[in-house]
Amino acid sequence: MGFHAESLTCEYRTDVLGLDFKAPRFGWKLRSDRRGTLQTSYRLQVAGADGDYSAPLWDSGRVASDASIQVAYAGPELRSRTRYHARVKAWDSFGRESAWSESVWWETAFFTPDEWRAKWITPAASAIDPQATPAFMLAKRFEVKPDIVSARVYATAAGVYELYVNGEKVGDELLAPGWTSYRKRQQYQTYDVTNLLTAGGPNGIGAMLANGWFKGRLGWETTFNLYGDRRALLLQLHIAYADGTEEIVCSDESWKAAEGAIRLSELYDGETCDANLEQPGWSTPAFDDSAWSTAESIALPVTHLTAQEHHPIRVIETIKPRELIRTPNGEVVLDMGQNMVGRIRMTLDVPAGTTVTLKHAEVLDKDGNFYVGNLRSAKQAIVYTAAGVPGETYAPTFTFMGFRYLSVAGLPEEQAEGLMDAIVGEVIHTDMAPTGEFDCSSDMVNQLQRNIQWGQRGNFVDVPTDCPQRDERLGWTGDAQVFVRTAAFNYDVAAFFTKWLRDLKADQNPNGGVPFVIPNALFETDPPTPQEKIPSSSAWGDAAVIVPWTMYLCYGDVRLLSEQYESMCAWVSFIRNEGENEYLWNTGFHFGDWLGLDAKENSYVGATPRDLIATAFFAYSTRLVRETAVVLGKAADVRKYSELHDRIKAEFSREFVTPSGRLAAPTQTAHVLALMFDLVEGDVKKRIARELNELVVQNDYHLTTGFVGTPYLCFALSDNGYHATAVKLLMQETYPSWLYSVSKGATTIWEHWDGIKPDGSFWSDAMNSYNHYAYGAIGEWMYRYVAGLDMDETEAAYKKIRIRPRFADGSLTHARAALESPYGRIESGWSQEADEITVRFTVPANATAELVLDDVALAELKEDGLAADLADGVTAAEEADGSVRLTLGSGSYAFRYPAKQEAEQEPVTA
Ligand code: BGC
């Protein structure tokens, strides 16, 4: 196999059309057949549009460096709207030179707003009421000369849009342009339409537009027109000819407009479509548009436009229904077998004019009837009136639904039985690459892992949302913050969160406060809502710091850290300026330990004092800003934030720890935060850890934590000598626990520990999502602490891996995880058979690892019967306090050692 450089990416993607980075960064992976392989140097080449490397545009030359991720382009200035090609080769620590990697390409988009010549257009208000619900089309016919070399469309919309050329839908992205803080930032998309145009003849181009996030219904208070009251299109088509000339077709007043078959399409409410109103061929050159109205231009800016920043939303998977149910109430219901997010596609054979109504629900009630109470006012309904064409198919275009069950009405009775074949579910989400796998010997825990992944898929639809079904679906900062590290295990979310953080920064108040949701849909007004009216909550606003830091840890993204640094510091300053005491945050509104089970009756907020939570997060964010200053080399800030951190920590103890070393708040969450954020030390820490353990044991190994405490609970236990208790919490099947919902048949993570109560009744309709990823944050602990796939945080992006499996007192007999990290695939797993434990793991080339195993002596650890410390690839071995630490290089390893008899659980000091 030798030594190879492969999987070259540009800004986390491959072959990307439309990037506006002037110094895009490359990353590649190395593959080696020898253990202990490191990169010693690399050479990058970038070629221009012709892909000719014999005279490359940029040749880095051989650079002595082990950098194989986040390597920025440093050649001559790039031109806009140009295709570039890149390839890389590397040399390794054995003196081997790889071949050139496969060549990849990227294409630049516009670099400056003045490249936009097109006008924002919308149908003339005199012809189509801007507030009318139907989707409308805007189209134009034009001539193309012979000999096209390439053709690109750059387009975006106020609203959501789909592009058509000569009757064909262009591209496979859905719900473009995606959701950003539109008044400040809006993405445009780039499409290659070279093969769709007819050279030397007439052509047609058009777009269909619906309300989407821009002007559709958003928020539970039913707000329309959040960002503007007219949908509009901005489109610019560039056609390059063989003779070197170029022609540009722009959206302008020469376009025509009309309504079509989609009579209503709203994100929350679904879609109403009357196929009889279809205008076949509306984007083709032959279409007669004489009945269409004119378009008018409207004043919207282009200065805030940015090329698509992350992977688009697509149909990722299709699912067939599992079962046809007739409910006690007589409804015909399809069970998709999975709580999914997306849409259905149906094929019908019905007379023209037949109206079929589909409703979408996450659960059936305890009697087995269709239940939509928890959707609140969101209708999630599809109303389709058929054209009567045999085999006609329909899928809604500008909406998505969160559902497992589908009620179908309006079909002739004899067709109900055929529904299983007539309908498929199309799962949609941001097309992020799957990167993580976890499985173990417990089927229920494996189902939990699937539920976490499905929760992520359903809620990573362009922005990280709280839930995908009710009249909410907003980018709640707290939810994103607690889940971000788990998210980065399951999928590659680097570009996804880069985009979202830019919105966070754009929507952050001048005083540093961070709105509850990003984009800030709850306070979006023109002129802007005064900052003093936009509240910020601890543990929610801390997303401003925790999310960029996590992106840095997981992907080594220093550029993102420096882009966000000001925003991170502003958040900490905001807190510092709140109230009288600059080291304690005891003022303002906070969500607290949201949905904690120790809440008073009729309250959503757990018993942990809100000022304790606020101060703990203040300390944590300050610490992370300090770490960031270290990474960015800002010495003065390192001192400033170190001092601030020390003061907050002291203040935390003064306020919340009794003189004898007890935490003043007797809740699990309070103990968890004090431990996780290192707010206590020495004997006090030991005592607080012991008391946390007691709180869990006394509660018969059940948690009481809400959004704030839950993500850290098992970490706080495992890190402080109570790993066995943490494992018992994971394995707990009775309410409240992670596996309780699994025992109730959940296929996603619920918002409430008791979304469905043991007697089958529901939590109140008011707030009861069955697809809320927050509690799925346990996934991070499963990867890192159960399977042992972890990193040494002093070297980001898994450059230095830590393999540290912790065993589970026999309740699990094996566990394994894999992560497609920036350096390549990491694996970590263990199995326990009879008297022997086997630990298997893989370290990608150009990374190193430290293996940490407890309860073993170095002499017992063997690979193929030989002493492990002598194994190829092992560079150092150390033994201390019953633990073994091996330092090793890349490669796949399998070590074995005798299992110890189960020891009494005793706290060990970290
Ligand atoms: C959302 C949460 C969010 C919360 C704020 C809810 O309506 O669904 O997930 O974090 O409000 O506490």
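Computed from the coordinates by the stated procedures, all read-outs in this text should not be read as laboratory data. Given the structure is predicted, the values throughout are model-derived calculations rather than measurements. Counting neighbours? That spans all protein chains shown, and the Cβs are built from the backbone with ideal geometry, glycine included.
For the reader, a short list of remarks on this structure follows.
- Pair-distance profile P(r), taking every C-alpha pair of region 301-354, with 5 angstrom steps and integer %: 4, 11, 14, 15, 14, 12, 8, 6, 7, 5, 2, 0
- On the basis of the beta-carbon distance and an R0 of 45 Å, Ala242 and Ile298 show a calculated FRET efficiency of 0.75.
- A helix-only calculation puts the chain at -6500 deg cm²/dmol for mean residue ellipticity at 222 nm, using -39500 (n - 2.57) for each DSSP H run of at least four residues, averaged over all residues.
- Computed about its Cα centre, the charge dipole of the chain is approximately 1360 debye, with only Lys, Arg, Asp and Glu carrying charge at their Cβ.
- Extension gain, Thr318 to Thr112, is 70.2 nm, computed as 0.36 nm per intervening residue step minus the present C-alpha separation.
- Rule-of-thumb Rg ratio for the chain [Cα; 2.2 N^0.38 Å; N residues]: 0.98
- Selection among Ala808, Cys569, Pro134 by position relative to the dipole of the chain gives Cys569 as farthest towards the positive end (Cβ unit charges, Cα centre).
- Label-point gap, in nm, between Asp192 and Ser377 - each point 7 angstrom along Cα→Cβ: 4.5
- Region 634-783, relative contact order [Cα under 8 Å, separation at least 6], %: 16
- Vicinal HN-Hα couplings computed from phi for region 418-434 (Karplus, 6.51 cos²θ - 1.76 cosθ + 1.60; Hz; Gly/Pro x): x, 4, 4, 8, 7, 10, 10, x, 10, 7, 10, 5, 4, 7, 7, 6, x
- Share of pairwise Cα-Cα distances greater than 27 Å in region 113-307 is 25 percent (whole percent).
- Cβ-based charge dipole, region 672-747, positive-most Cα from Val742, Pro711, Val684: Val742
- Computed from label points 7 Å out along Cα-Cβ, the spacing between Leu866 and Arg450 is 4.2 nm.
- Fewest neighbouring Cβ atoms within 10 Å first, the residues Thr112, Thr194 line up as Thr112, Thr194.
- Mean projected area (nm²) of the alpha-carbon convex hull when region 621-681 is viewed from all directions: 4.2
- Evaluated at q = 0.19, 0.20 Å⁻¹, the base-10 log of the normalised Debye intensity for region 3-107, with identical point scatterers placed on the Cα atoms, takes the values -0.88, -0.96.
- Placing unit charges on the Cβ atoms of the charged side chains and taking the dipole of region 406-553 about its Cα centre, the candidate lying farthest along the positive direction among Phe489, Val545, Pro464 is Val545.
- The calculated FRET efficiency for the pair Ser603 and Lys184, based on their C-beta separation and a Förster distance of 30 Å, comes to about 0.25.
- Subset of Lys600/Lys744; Lys140/Lys169; Lys505/Lys634; Lys600/Lys686; Lys320/Lys359 violating a 22 Å alpha-carbon distance limit: Lys600/Lys744; Lys600/Lys686
- Expressed in Å, the radius of gyration and Dmax of the Cα atoms of region 62-197 are 21.1, 74.
- The alpha carbon gyration tensor of region 313-430 gives principal lengths a ≥ b ≥ c with a/c of 1.5 or higher and a/b no greater than b/c, which makes the shape oblate.
- Here nothing in the chain passes the span test, since no DSSP H helix has an alpha carbon length of 30 Å or more along the helix axis and a Kyte-Doolittle mean of 1.6 or above.
- Using a Förster distance of 51 Å, the FRET efficiency for Ala124-Met1 (Cβ separation, nearest 0.05): 0.20
- Label point at Phe224 placed 7 Å out along Cα→Cβ; residues across region 461-484 whose backbone nitrogen lies under 19 Å: 471-472
- Amide H contacts for Ile344 (H built 1.01 Å from N in the peptide plane; partners 5 or more residues away or on another chain; cut-off under 5 Å): Glu426.
- Cα Rg, Dmax, region 436-786, angstrom units: 19.2, 59
- Overall dimensions of region 733-869 by Cα: Rg and Dmax, Å: 19.1, 62
- Diagonalising the gyration tensor over the Cα atoms of region 604-719 and scaling each eigenvalue by 5 before taking the square root yields semi-axes of 27, 15, 13 Å, largest first.
- Region 313-430, dipole about Cα centre (Lys/Arg Cβ +1, Asp/Glu Cβ -1), debye to the nearest 20: 500
- Ranked Ser573, Ser181, Ser764, Ser653, criterion: other C-beta atoms within 10 Å, fewest first: Ser764, Ser573, Ser653, Ser181
- Modelled label reach - Ser562, point 7 Å along Cα→Cβ, region 603-632 residues with backbone N closer than 18 Å: 625-632
- Convex hull of alpha carbon positions in region 789-898: directionally averaged projected area 6.5 nm².
- Cα-centred dipole magnitude for region 417-562, charges only on beta-carbon of K, R (+1) and D, E (-1), debye, nearest 20: 540
- Simple label model, 7 Å out from Cα along Cβ direction - Glu97 to Asp854, nm: 5.0
- By the count of neighbouring beta-carbon atoms within 10 Å, fewest first, Tyr161, Tyr893 end up ordered Tyr893, Tyr161.
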